[in-house]
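To keep things clear, I will list the structure first and then write my remarks on it.
The values are calculated or read from the model by the stated rules, or taken from the named source; none is laboratory data. Quantities reported herein were computed from a predicted structural model and do not represent experimental measurements. Cβ placement follows ideal geometry from the backbone for every residue including glycine, while neighbour counts extend to all protein chains displayed. Just so you know, the surface numbers come from the protein's heavy atoms only, side chains and all, with ligands and any DNA or RNA stripped out. Shrake-Rupley method; radii C 1.70, N 1.55, O 1.52, S 1.80 Å.
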Amino acid sequence: MLTLYYRRFNLIWAALTFIRQTLLFILKDIPVSEDDIDKSGLVMTEYLSNLLRHSNGEDEAVTLVLSDLG
C-alpha cells in the first residue's frame with residue numbers, strides 16, 4: 001500500500017475549506033474522474049461538517065490519509 005498523503009488536522013470550522021482543497025488537489029494528480037473528484041469533495045465537507053456539529057466543540061482532530069491500494 002502506497003500512502004499518497006497523510007496529515008492530521010484540528011477539527012475546526014476554518015479547516016474545512018483547506019481540507020477539501022487539499023483533497024481535490026491530490027485527487028487531480030491521480031487517475032480519478034472529474035465527477036468522482038467533485039463527489040469526494042462534497043462527501044468530505046458534509047462528513048466533517050457533521051462531525052463538527054455533533055462533537056463536543058472544536059478541539060477534536062481528524063486524520064486525512066489517501067492511499068493507493070494498487
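Applying a threshold of 7 Å to beta carbon distances and a minimum spacing of six or more residues, or different chains, the list of pairs starting in region 5-27 at a residue that is within 16 Å of residue 42 (Cα to Cα) and ending at one that is open to solvent by 20 Å² or more (accessible area, probe 1.4 Å) and of a type in the set (Asp, Glu) reads 13/58. Can you tell me which residues in region 11-23 are open to solvent by 40 Å² or more (accessible area, probe 1.4 Å) and either more than 17 Å from residue 61 (Cα to Cα) or in a helix (DSSP H, G or I) (or both)? If the condition is that a residue be open to solvent by 40 Å² or more (accessible area, probe 1.4 Å) and either more than 17 Å from residue 61 (Cα to Cα) or in a helix (DSSP H, G or I) (or both), then 17, 18, 20, 21 are the ones that fit. If the condition is being of a type outside the set (A, V, I, L, M), outside any helix (DSSP H, G or I) and either in contact (Cβ under 8 Å) with a residue 12 or more places away in the chain or surrounded by 11 or more Cβ atoms within 10 Å (Cβ to Cβ) (or both), then region 30-63 contributes 55, 58, 59, 60, 63.
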